[in-house]
Amino acid sequence: MTRSRLAAAAAKGLRPLSRTSPSGPCRQAILLTAYTRAVAQSSPTTSTRAAASYALSGLRLYSSVTVTGPEKPTLEARKQWREQLADFAKQDKTPLYDFHLAHGGKMVLFGGYHMPVEYAGFSLAQSHHFTREHASLFDVSHMVQHRFTGPEAAAFLERITPSTVSDMPINSSKLSALLWPGTGGIADDTMITRTGEQEYRLVSNAGTREKVLAYLVEQTKELQNPEDGGDAFWWEVLQGLGLLAVQGPESEGILQRVIDPAEGLDLSKVYFGQTVFARLRARRGGEWVTLPGRAMISRGGYTGEDGFEVSFESPGEEATLLATTMLETAGPEKLRLAGLGARDSLRLEAGMCLYGHELDDSTTPVEAGLSWLVPKERRTAGAGFHGAEVIASQLVAKSKGGAGVERRRVGLVVKVPAREGAELLTKEGEKVGVVTSGAPSPTLGKNIAMAYVRDGMHKAGTELDVVVRGKKRAATVTKMPFVPSKYYKPATSA
């Protein structure tokens, strides 16, 4: 690389790769174990034996143990945290906005951001099938990335969510929910990753951005104190990051190509629910360059397919460089861009909830079929998390002296497409529920939906009617996921 191009790369925070890379791992190896609860919302049945296999698999993954993302904020930056939140709340474009337009993205406003719903020349159904058969690249940079640090971080998260996080293995993730005090209603669903002894990363939805920021300002008001240096506790929204999801059976090989070889990271040893940190590389002007910082690479996603979500620093053109490099090195026969449309149909087939549809402020985890979010040791009224009294009572059926629930989330197979808001009736015409999401399933060739129905009407095989355009159409309650998930997990012995 010429001196002038070296200078240009340095100015953009990019470092050219050396011609030769060290042989073998050159980073400290750390033993990772995966968490013991499935992140598939509709299939919370990971067995104890499988969980033990995760813990005993003895994987050696190569990652930094000291750098887990953007630098910690300075004292001056901490003092301006409210102003930074206000600025963040105004953002309406991801780092890939221009990239989407250049690639024919059909943009819509979603969660306050301009996002591609699909791309010219490739229909939603084509994109859906391509993800299942090969791999697709999704821009999910609109999601809100939080970091909680300090010795009080774990206790705080165990107060606002039903999860136990203090015993999570470092670099493991679990699905959880932010709960409202008193009611146990879901303020948002979230993914929690433990990235250090006293450090957690949390991802929340773009559509709830304003509400969740206000929620966390209120919930942290007794803890968030910039004057003490944030040593005991600090919450921050990480900015200047890109977030890409590569999903589908070819995801591993595609992502492996853009990991700096000097990291010695083998993605085949990273399993579902695990996270590693590594430097990424991209091609710029015909040369490989390393991107700034270390990316947080988590195996999982929102499609039911194998895949990864990659959070990385993108103060300039890094997101565009990375996305372009991934597309070019994989080729169109293996990797395509995908938008919100395919993401929604894929998550529906996987039986996964979408906030604002299956989840809202008035719905508890028990009603939503997410009881497995509450570990056994926290299923008491005195567990100390928001709404514990309500949730503990709901977990016990009425027949056993508890409150139980009045409604339950179910899957449906219907004769015609049934959209959100469609009423569900018994064969005698009594209203017993409402559809929350629905669409034709490209994989199954059937119309599927999710809904809430009266308790007792939730058993698989129950025959109902759904009202579509004023006419009754047949609907049958069915188990979820509609399409089996294909998460990458270690083999378990018989």
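So the values come out like this:
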| read-out | value |
| --- | --- |
| Lone unmet requirement of (1) free of Cβ contacts under 8 Å to residues at least 60 places away in the same chain; (2) under 30 Å from A135 (Cβ atoms); (3) in contact with a Gly (Cβ under 6 Å, 6 or more places away or on another chain) for Q198 | (2) |
| Residues that are open to solvent by less than 10 Å² (accessible area, probe 1.4 Å) and out of contact with any helix residue (DSSP H, G or I) (no Cβ under 9 Å at 6 or more places or on another chain), drawn from the stretch 151-166 | A153, L157 |
| Conditions (1) open to solvent by 20 Å² or more (accessible area, probe 1.4 Å); (2) within 29 Å of T380 (Cα to Cα); (3) not aliphatic (A, V, I, L, M); number of the one not met by P440 | (2) |
| Pick from the stretch 329-374, criterion open to solvent by 40 Å² or more (accessible area, probe 1.4 Å) and assigned to a loop (DSSP other than H, G, I, E, B), ranking: farthest from G111 (Cα to Cα) | E333 |
| Check on M326, closer than 30 Å to D266 by Cβ, in a loop (DSSP other than H, G, I, E, B) and either polar (S, T, N, Q) or modelled with pLDDT of 95 or more (or both) | no |
| Enumeration of residues in the stretch 176-197 that are open to solvent by 10 Å² or more (accessible area, probe 1.4 Å) and either out of contact with any strand residue (DSSP E or B) (no Cβ under 6 Å at 6 or more places or on another chain) or over 24 Å from A278 (Cβ atoms) (or both) | W180, P181, G182, T183, D189, G196, E197 |
| Filter result (open to solvent by 10 Å² or more (accessible area, probe 1.4 Å) and of a type outside the set (G, A, S)) within the stretch 245-259 | P249, E250, E252, Q256, R257 |
| Selection count where residues are part of a strand (DSSP E or B) and open to solvent by less than 40 Å² (accessible area, probe 1.4 Å), scope the stretch 288-306 | 7 |
| Selected residue [within 22 Å of P70 (Cα to Cα), at pLDDT 95 or above and touching a Leu at 6+ places or on another chain (Cβ under 7 Å)] from V237, V217 | V237 |
| Residue tally, condition touching a strand residue (DSSP E or B) at 6+ places or on another chain (Cβ under 9 Å), without any contact (Cβ under 8 Å) to a residue 60 or more places away in the chain and open to solvent by 80 Å² or more (accessible area, probe 1.4 Å), over the stretch 81-115 | 3 |
| Residues satisfying the stated conditions in the stretch 116-132, i.e. surrounded by 15 or more Cβ atoms within 10 Å (Cβ to Cβ) and without any contact (Cβ under 8 Å) to a residue 60 or more places away in the chain | Q126 |
| Any hit, the stretch 343-362, residues being touching a residue at least 60 places away in the same chain (Cβ under 8 Å), basic (K, R) and farther than 30 Å from D98 by Cα | no |
| Test: residue in the stretch 416-428 that is among the polar types (S, T, N, Q) and either on the phi > 0 side of the Ramachandran plot or in contact (Cβ under 8 Å) with a residue 40 or more places away in the chain (or both) | no |
| Residue list for the stretch 137-193, restricted to those being of a type in the set (G, A, S) and either under 20 Å from the mean Cα position of the chain (by Cα) or at negative phi (or both) | S141, A153, A154, A155, S163, S166, S172, S173, S176, A177, G185, A187 |
| Residue match in the stretch 307-316 (condition: without any contact (Cβ under 8 Å) to a residue 60 or more places away in the chain and open to solvent by 40 Å² or more (accessible area, probe 1.4 Å)) | no |
| Positions within the stretch 443-455 being without any contact (Cβ under 8 Å) to a residue 40 or more places away in the chain and open to solvent by 50 Å² or more (accessible area, probe 1.4 Å), in sequence order | G445, K446 |
| Any hit, the stretch 141-148, residues being in contact (Cβ under 8 Å) with a residue 24 or more places away in the chain, out of contact with any strand residue (DSSP E or B) (no Cβ under 6 Å at 6 or more places or on another chain) and open to solvent by less than 20 Å² (accessible area, probe 1.4 Å) | no |
| Inter-residue pairs, beta-carbon under 9 Å, first closer than 18 Å to A245 by Cα and in the stretch 287-298, second among the β-branched types (V, I, T) and modelled with pLDDT under 95, 6+ apart | R294/V67; R294/T68; M296/T68 |
| Subset tally (residues that are within 30 Å of the chain's Cα centre (by Cα), in a loop (DSSP other than H, G, I, E, B) and surrounded by 15 or more Cβ atoms within 10 Å (Cβ to Cβ)) for the stretch 405-415 | 1 |
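Per-residue answers, yes or no, for (1) in a helix (DSSP H, G or I); (2) open to solvent by less than 60 Å² (accessible area, probe 1.4 Å); (3) not hydrophobic (A, V, I, L, M, F, W, C):
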| residue | (1), (2), (3) |
| --- | --- |
| G384 | no, yes, yes |
| S393 | yes, yes, yes |
| G402 | no, yes, yes |
| A418 | no, yes, no |
| G421 | no, yes, yes |
| G429 | no, yes, yes |
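The values are calculated or read from the model by the stated rules, or taken from the named source; none is laboratory data. Quantities reported herein were computed from a predicted structural model and do not represent experimental measurements. Here Cβ is always computed from backbone atoms with ideal geometry, including for glycine, and neighbour counts include all displayed protein chains. Note: accessible area is taken over every heavy atom of the protein model, side chains too, but ligands, DNA and RNA are not part of it. Shrake-Rupley method; radii C 1.70, N 1.55, O 1.52, S 1.80 Å.
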